[in-house]
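**Student:** My structure is below; once you've seen it, I'll send some questions.
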Amino acid sequence: SQAGEAEGAQRWSPACALPEQGFWFPPTVFTGVAQSHRIAREEIFGPVLSVLTFRTPGEAIEKANNTPYGLSAGVWSEKGSRVLWMAERLRAGVVWANTFNKFDPAAPFGGYKESGFGREGGRHGLEAYLR
């Protein structure tokens, strides 16, 4: 969180009780995030959301793909054609439409680029064990 604030992003975290033992971090939202900020470029495995703005779906695709990672993506739209257009262009292991983190056990899951290793789930996840 210090890196995000040092680069100029605005941090918001609710006041909440955290366990005294272990490594805990409050849910955090960063606004005013630029594509060049570390919190926009690196994977953060925690309850942290970096918000970047865009004007067109094409600009959103460009910003989303401008990373060495690609574990997952989510698209929210009332237009099914826009969801499909964006999903086709996003470079991510899985793209959810109007939801997030919902899995079908028959569908493969895995990252893209430097996220993840291979596939798990479904027939694709079993192929590595059947060769």
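**Student:** Residue 50 passes all but one of (1) of a type in the set (Ser, Thr, Tyr); (2) in contact with a Phe, Trp or Tyr (Cβ under 7 Å, 6 or more places away or on another chain); (3) open to solvent by 90 Å² or more (accessible area, probe 1.4 Å); which number fails?
**Tutor:** If we test residue 50 against (1) of a type in the set (Ser, Thr, Tyr); (2) in contact with a Phe, Trp or Tyr (Cβ under 7 Å, 6 or more places away or on another chain); (3) open to solvent by 90 Å² or more (accessible area, probe 1.4 Å), just (3) comes out false.
**Student:** Then there is this: If residue 59 satisfies every condition in (1) surrounded by fewer than 14 Cβ atoms within 10 Å (Cβ to Cβ); (2) over 17 Å from the mean Cα position of the chain (by Cα) but one, which is the exception?
**Tutor:** Checking residue 59 against (1) surrounded by fewer than 14 Cβ atoms within 10 Å (Cβ to Cβ); (2) over 17 Å from the mean Cα position of the chain (by Cα), the one that fails is (2).
**Student:** Let me ask you something else. I'd like the full set of residues that are crowded, with 17+ Cβ neighbours inside 10 Å and not in a loop (DSSP other than H, G, I, E, B), limited to region 100-124.
**Tutor:** 109
**Student:** Here's another thing I want to ask about it. Only one residue in 64, 97 is surrounded by 13 or more Cβ atoms within 10 Å (Cβ to Cβ), among the hydrophobic types (A, V, I, L, M, F, W, C) and within 25 Å of residue 2 (Cα to Cα), so which one is that?
**Tutor:** 64
**Student:** Output the residue which, of all residues in region 67-94 that are of a type in the set (Ser, Thr, Tyr) and touching a residue at least 24 places away in the same chain (Cβ under 8 Å), is most open to solvent (accessible area, probe 1.4 Å). Break it down stepwise before answering.
**Tutor:** Of region 67-94, the ones of a type in the set (Ser, Thr, Tyr) are 67, 69, 72, 77, 81.
Now narrow it down to the ones that are touching a residue at least 24 places away in the same chain (Cβ under 8 Å): 67, 69, 72.
Details: 67: 33, 69: 59, 72: 44 Å².
Only one residue tops the list, namely 69.
**Student:** Among the residues of region 1-41, how many are part of a loop (DSSP other than H, G, I, E, B), surrounded by fewer than 13 Cβ atoms within 10 Å (Cβ to Cβ) and not hydrophobic (A, V, I, L, M, F, W, C)?
**Tutor:** Going through region 1-41 one residue at a time, the tally reaches 9.
The values are calculated or read from the model by the stated rules, or taken from the named source; none is laboratory data. Predicted model only: the values in this text are computed from it and were never measured. Methodologically, a virtual Cβ is constructed for each residue, glycine included, from the backbone with ideal geometry; neighbour enumeration extends over all protein chains shown. Only protein heavy atoms, including side chains, enter the accessible area calculation; ligands, DNA and RNA are left aside. Shrake-Rupley method; radii C 1.70, N 1.55, O 1.52, S 1.80 Å.
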